[in-house]
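Below: the structure, in structure tokens.
The values are calculated or read from the model by the stated rules, or taken from the named source; none is laboratory data. This structure is a prediction, so every number in the text was calculated from the model and none was measured. Backbone-built Cβ (ideal geometry, glycine too); neighbour counts: all protein chains shown. These area figures cover heavy atoms from the full protein model, side chains too; ligands, DNA and RNA do not enter into them. Shrake-Rupley method; radii C 1.70, N 1.55, O 1.52, S 1.80 Å.
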4 protein chains.
Amino acid sequence: MMPDVISQLKLTHEAALRVLHAAMAKATELGVPQCVTVVDEAGHLLAFVRMTGARFLSIDSSLNKARAAASSRRDTLPRQAADAEIQLAVTTGGKNVTLLGGVPIIVDGQCVGAVGVGSGTGEQDREVALAAVRAVAGAKTEFG
Amino acid sequence: MMPDVISQLKLTHEAALRVLHAAMAKATELGVPQCVTVVDEAGHLLAFVRMTGARFLSIDSSLNKARAAASSRRDTLPRQAADAEIQLAVTTGGKNVTLLGGVPIIVDGQCVGAVGVGSGTGEQDREVALAAVRAVAGAKTEFG
Amino acid sequence: MMPDVISQLKLTHEAALRVLHAAMAKATELGVPQCVTVVDEAGHLLAFVRMTGARFLSIDSSLNKARAAASSRRDTLPRQAADAEIQLAVTTGGKNVTLLGGVPIIVDGQCVGAVGVGSGTGEQDREVALAAVRAVAGAKTEFG
Amino acid sequence: MMPDVISQLKLTHEAALRVLHAAMAKATELGVPQCVTVVDEAGHLLAFVRMTGARFLSIDSSLNKARAAASSRRDTLPRQAADAEIQLAVTTGGKNVTLLGGVPIIVDGQCVGAVGVGSGTGEQDREVALAAVRAVAGAKTEFG
């Protein structure tokens, strides 16, 4: 008989808070205040911080980057024609974006959540997100 | 050391489709066409059917009943003063409702999803939802 | 074998425009300028007029009254506890209302559309809507 | 005299559920879990399934692809300048998209509904949608 439920890993809030701290450390090193969002594997908010000086409109973009990374289980990166990516963003109410700075948190081959970073350049946002994921024991990102 | 991830059960889409069929059988028995929504434990849509003749405005209400039951891990039932319940509905954009017809699906003590039913009377909606949950192996609702 | 499609009646735009005119005639007789919306059986806009002097916020309420009548195939009337009706309105984004003034257009026992009227008192809105439906050949409302 | 109503075909929920199953079979063959939405000719949700492993942000995009195909009675395909298509998506709140994967269900020359698929590549989504339509007796898509 087909089982009705499957088992799945989920990030704890303690781990999510450690992700925030790792992100803040990297942002401070780079000298750029950031908005940092951690979501669970379903894209729901787990932890968030807006560092002093970070842009308030980056609250939403960091959330949507994290949500998009959790949904696709991949980094938010341009991967197809620009007009298709724009339409995907529009048709999901801005949730499905490929702006740099969203990174999945992968443990034992499962996506357990994601981090999204915004308020710097795309490259800074991505660098902070990649560093932040390392705070989770055994975590990998899309590219290892 | 505190583990960074926890394990959680999740409903399969095969089970969700069986929930739809059990709901349709009960709705047919009652003689009332229904909208039936199954969501996962995070409130995301897993499966849906609108039976011929069911009201199209019940699409959203069945979804929101399911989502509210998944979030609270309880049946959608009035539990406090009406004005507080209405304010909760308003402040969550209509997602947090206590209209009859939303029931969590609980397996091994964990909420693995929920079903929401709409288009009949509140009592019919609830009866259909309670019957539908039984299609999941070992599933209980809030009240057993 | 179960047929994959069923046949359904749908209001023409010519009939919808006649409904507007019948509504305007009754509104003029009552001395109250009105917003009048005609929707098809799926609740999509077919025809609309805002008479000179009618309230612009009644544009939306006349649309939602019509949509609710098309969905339920009944007049928009209070039918259950006030808090449940308010929650239904909220959970459908304001679409499922029971404010007076929405009336289904029923031909050969099928709901083919609905009319919604707003900008007067509830009783005036309802009176205009009931008169307007008579412009459709053979049409009945919920109560005949 | 001009008749006030016209006759129109409408998809049953039994047929819609068969469309889901045909889509799941093709998705399994391709090895890509999908979100599959079936809407009626008015764009209202009839049936939906999210296969285990499909992206949760594809729930909305599969719905909007289906809705756009039902409205245009054509496949969702780029047909004009990218900026115009993006503006159309924006001005309809993300509903009018031309992302690959939306296909109308045409019976006896009438659009009776549509299917929308999302979570794979655009080409995979479209292939699954085209296969799914074949589950409806006598159904054609835009291109036969």
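With θ set to phi - 60°, apply the Karplus curve 6.51 cos²θ - 1.76 cosθ + 1.60 along the stretch A:17-24 and write out the HN-Hα couplings as whole Hz, x wherever there is a Gly or Pro.
Those phi angles translate into 5, 5, 4, 4, 5, 5, 5, 4 Hz.
Can you list the residues, at least 5 places off or on another chain, whose amide H is less than 5 Å from the amide H of residue A:46, using H built in the peptide plane?
A:38, A:39, A:40
I need the shape label for chain B. Rule: rounded when a/c is under 1.5, else prolate if a/b > b/c, else oblate, with a, b, c from the alpha carbon gyration tensor.
Oblate shape, in that a/c is at least 1.5 and b/c is the bigger or equal ratio.
Using a 1.4 Å probe on protein heavy atoms only, how many Å² of accessible area do D and A hide from each other, summed over both chains and rounded to 100?
For chain D against chain A, roughly 1600 Å² becomes buried.
Need one value for B:8-20: mean number of C-beta atoms belonging to other chains within 10 Å of its residues' C-beta atoms.
That average works out to 6.
At 1.4 Å probe size, put B:7, B:58 in order of accessible surface, largest to smallest.
Putting B:7, B:58 in descending order of accessible area: B:7, B:58.
Shortest first, in nm, what separates the label point of residue D:87 from those of the same position in the other copies (7 Å along Cα→Cβ)?
1.7, 4.5, 4.5
What are the nm distances, shortest first, from residue C:31 to its equivalents in the other copies, labels at 7 Å along Cα→Cβ?
Between copies, matching label points for residue C:31 lie 4.9, 7.6, 7.8 nm apart.
Dipole of chain C (Lys/Arg Cβ +1, Asp/Glu Cβ -1, origin at the Cα centre): which of C:137, C:70, C:89 lies farthest to the positive side?
C:137
Peptides A:130-142, D:72-84, B:27-39: what's the order by average Cβ count within 10 Å, highest mean first?
Ranking, from highest mean packing down: B:27-39, A:130-142, D:72-84.
Taking K and R as +1 and D and E as -1, what net charge do the other residues with C-beta under 14 Å from the C-beta of residue C:60 add up to?
+4
Between chains C and A there is a rotation axis; tell me the chain C residue with the nearest beta carbon and how many whole Å away it sits.
C:93, 7
Taking H as built 1.01 Å from N, whose amide H comes closer than 5 Å to the amide H of residue B:97, not counting residues under 5 places away?
When sequence neighbours closer than 5 places are left aside, the close amide H contacts are B:68.
Carbon-plus-sulfur fraction of the accessible area of the stretch D:62-143, 1.4 Å probe, in percent?
Carbon and sulfur together cover 50 percent of it.
Expressed as a rounded percentage, what relative contact order does the stretch B:1-116 have, with Cα pairs under 8 Å and six or more residues apart?
About 28 percent, as a whole number.
Convert each backbone phi in the stretch B:121-127 into a coupling constant with the Karplus relation 6.51 cos²θ - 1.76 cosθ + 1.60 (shift: θ = phi - 60°), then list the ³J(HN,Hα) values in order as whole Hz, x for Gly and Pro.
Result, rounded to whole Hz: 6, x, 5, 5, 4, 5, 5.
Checking the a/c ratio against 1.5 first, then a/b against b/c, what shape does the Cα gyration tensor give for the stretch B:85-144?
Oblate.
Roughly how big is the protein assembly as shown's charge dipole about its Cα centre, with Cβ charges of +1 (Lys, Arg) and -1 (Asp, Glu), in debye to the nearest 20?
The calculated dipole for the protein assembly as shown is roughly 80 debye.
Give me the 1.4 Å probe accessible area per residue for chain B, excluding ligands and nucleic acids, in Å².
Per-residue value: 37 Å².
Just round it to a whole percent: the fraction of Cα-Cα distances in the protein assembly as shown exceeding 30 Å.
Roughly 55 percent, rounded to a whole number.
Check residue D:102: other-chain or 5+ apart residues with amide H under 5 Å from its amide H, H built from backbone geometry?
Long-range HN contacts for residue D:102: D:76, D:117.
Which FRET efficiency value, to the nearest 0.05, is calculated for residue C:123 and residue D:25 with the Förster distance at 60 angstrom and r the Cβ-Cβ distance?
Rounded to the nearest 0.05, the efficiency is 0.60.
Starting from a label point 7 Å past Cα on the Cβ side, list the distances from residue B:143 to the same position in the other copies, nm, shortest first.
Copy-to-copy label distances for residue B:143: 3.6, 5.5, 5.6 nm.
Mind ranking D:113-120, A:119-126 by how tightly packed they are, going by the mean number of other C-beta atoms within 10 angstrom, highest first?
Peptide ranking by packing, descending: D:113-120, A:119-126.
For the stretch A:49-79, which residues drop by 50 square angstrom or more in accessible area between the chain on its own and all protein chains together (1.4 Å probe)?
At a threshold of 50 Å² (probe 1.4 Å), the residues of the stretch A:49-79 that become less exposed are A:71.
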